[in-house]
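The values are calculated or read from the model by the stated rules, or taken from the named source; none is laboratory data. What you see is a predicted model, and the numbers here were worked out from it, not measured in a lab. No Cβ is skipped: glycine too gets one built from the backbone with ideal geometry, and neighbour counts run over all protein chains shown. Surface accessibility is based on the protein's heavy atoms, side chains included, excluding ligands, DNA and RNA. Shrake-Rupley method; radii C 1.70, N 1.55, O 1.52, S 1.80 Å.
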Amino acid sequence: MVILESVSKVFRQGREEVPALSDVSLRIEKGECVTIKGPSGCGKSTLLGIIGTLARPTRGEVSLDGTRVTGLPEHFLCDLRRRKIGFVFQHFHLLRGYSALENVGLPLVPQGLREAERNRRAMPLLEAMGLESRAHFPIHHLSGGEQQRVAIARALVLSPELLIADEPISNVDADNAALIGNVLAKLNREGKTLIFTTHIEPTGALTPTSTYTLAGGRLT
């Protein structure tokens, strides 16, 4: 499903090169649940971005479902992400001025679905996250933990084969962390591939099949 071969990422700050990842190789099979741990600033978000084709490696190769995606044009990668990958960003990237329900339904807009159909698909995901009573609240009126759950619901609305989540349980209390863990565990049982970063142990029914640690730009 996901193969990284000797992937490195170097950022440039003026004349200085700042290495983020160094010679990372990783193989994740379809249906796995993989956690990536490591201290803040170690490159976890960069790694997720490369796996999800939102960022390109400086060196190395990335393959998804048997296709080498490194170097492919952006329009191809955009279509791939829309069809196969759901993202939960660390800072949510929800749209102010829209309700929780509207935010969850936004990925359905390019499909030409009417608002009623978007809402029909989005509401069960908010219900699964315990947010049905907040569905019509403007997103900026919700707490950080509630916004986190909205972001997860939005990532699931297109039923992606691969879910990539950056700290999906870091901004919620213990009860909601368990709720999110149970939702992710159900997806994993249904055959979805999960890759997420975390600072804390997953709770609820979620049991990772593999755990990696990223430090000094290297994966162990």
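I'm trying to understand the selection: among the residues of the stretch 5-37, which are more than 23 Å from T207 (Cβ to Cβ) and either within 17 Å of the chain's Cα centre (by Cα) or assigned to a loop (DSSP other than H, G, I, E, B) (or both)?
Taking the stretch 5-37 first, the residues more than 23 Å from T207 (Cβ to Cβ) are 5-25.
Scanning the stretch 5-37 gives G14, R15.
For the stretch 59-169, please list each of the helices (runs of 4 or more DSSP H) lying entirely inside it that holds at least 3 residues being of a type in the set (K, R). Helices (runs of 4 or more DSSP H) meeting the threshold: 74-84, 115-128. For the stretch 9-48, a residue qualifies if it is under 18 Å from T211 (Cα atoms), of a type outside the set (S, T, Y), open to solvent by less than 40 Å² (accessible area, probe 1.4 Å) and free of Cβ contacts under 8 Å to residues at least 60 places away in the same chain, but none of them does.
In the stretch 171-202, the qualifying residues are those that are surrounded by 17 or more Cβ atoms within 10 Å (Cβ to Cβ) and polar (S, T, N, Q), and the one that is modelled with the highest pLDDT is T193.
Residues are listed down the side, and each one gets a yes or a no for (1) closer than 24 Å to T198 by Cβ; (2) touching a residue at least 24 places away in the same chain (Cβ under 8 Å):
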residue	(1), (2)
G105	no, yes
M123	no, no
F137	no, yes
L158	yes, yes
L163	yes, yes
A177	yes, yes
N182	yes, yes
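Within the stretch 49-63, the set of residues being surrounded by fewer than 21 Cβ atoms within 10 Å (Cβ to Cβ) and aliphatic (A, V, I, L, M) comprises L54, A55.
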